[in-house]
Amino acid sequence: MTKIAPSILSADFTKLGQDIDSIKTADYLHFDVMDGIFVPNISIGIPVLESVRKYTDMVLDVHLMITEPVKYVERFADAGADIVVFHLEADTPENIALAVQKVKAKGKKVGISIKPKTPAEELIPYMKDLDLALVMTVEPGFGGQKFMADMMPKVELLRKYIDENGLDCELEVDGGVNPETAAVCRAAGANVLVAGSDVFKAADRAARIKSLRG
Ligand code: DX5
Ligand code: ZN
């Protein structure tokens, strides 16, 4: 079954506990970290993650949109992330490989994300080590943007690679997901869908999560 990962970037941070309760039928809680350098926006970080970890047993899917993730991945693992995802574009290949190993050494799941302009082929050398591959379907930095359907060939390529090689790797998409675009993502082979604004603006969030699963 398709997994849904609501992004708390679209939550009301003055009532974050209530907002987390409202999405507890989802599979993962997606936690967007932005540093104002890798992306032109600043969001939330380690102290908020620690609080969220104490509050919920949900799987915390932490999406680091930060430069030099190798310097921080262990701290996010210690703060309570279950899955630590960082960007391929955020450091040298050597440091990206090192960051993968650091997350694994903490006993956490690890993922790598690619921005819209990055070809899926660049992820292939890392795939055998990953628990999750994330294809961005918007330019990272902001919620509420329009879904880029032209990213679907990348999802299809990675789905084929995962299946042909029998990898135990989830395939996630992030950005502009709503019930219509979710169907497109599922058809292309994604099995984890991040949705921020679409879930949090819904009057009945549980029903919205159900409809995103298809
Ligand atoms: C964007 C973030 C997304 C964002 C998605 O940089 O990585 O997770 O919250 O928001 P929506 O679903 O509104 O596009
Ligand atoms: Zn995200």
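The values are calculated or read from the model by the stated rules, or taken from the named source; none is laboratory data. The model shown is predicted, which means the values in this text are computed figures rather than measured ones. We place every Cβ from the backbone using ideal geometry, glycine too, and count neighbours over all the protein chains shown. Protein only, heavy atoms only, side chains kept; ligands, DNA and RNA dropped before computing areas. Shrake-Rupley method; radii C 1.70, N 1.55, O 1.52, S 1.80 Å.
The table below lists the values:
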| quantity | calculated |
| --- | --- |
| Selection count, the range 53-67, where residues are away from ligand 2 (no atom under 15 Å from the Cβ) and either within 21 Å of residue 172 (Cβ to Cβ) or within 18 Å of the chain's Cα centre (by Cα) (or both) | 5 |
| Filter result (closer than 18 Å to residue 26 by Cα, more than 16 Å from ligand 2 (Cβ to nearest atom) and among the hydrophobic types (A, V, I, L, M, F, W, C)) within the range 156-185 | 183 |
| Residues of the range 80-126 that turn out to be within 21 Å of residue 52 (Cβ to Cβ), open to solvent by 10 Å² or more (accessible area, probe 1.4 Å) and hydrophobic (A, V, I, L, M, F, W, C), as a count | 0 |
| Criterion: touching a helix residue (DSSP H, G or I) at 6+ places or on another chain (Cβ under 8 Å), within 14 Å of ligand 1 (Cβ to nearest atom), in a strand (DSSP E or B) and among the β-branched types (Val, Ile, Thr) - qualifying residue of 44, 4 | 4 |
| Breaking point among (1) more than 12 Å from ligand 1 (Cβ to nearest atom); (2) open to solvent by 10 Å² or more (accessible area, probe 1.4 Å); (3) touching a residue at least 24 places away in the same chain (Cβ under 8 Å), for residue 143 | (1) |
| Residue ID - nearest to residue 143 (Cα to Cα), chosen from residues in the range 186-197 that are within 13 Å of ligand 2 (Cβ to nearest atom) and surrounded by 24 or more Cβ atoms within 10 Å (Cβ to Cβ) | 196 |
| Subset tally (residues that are acidic (Asp, Glu) and surrounded by 17 or more Cβ atoms within 10 Å (Cβ to Cβ)) for the range 166-183 | 3 |
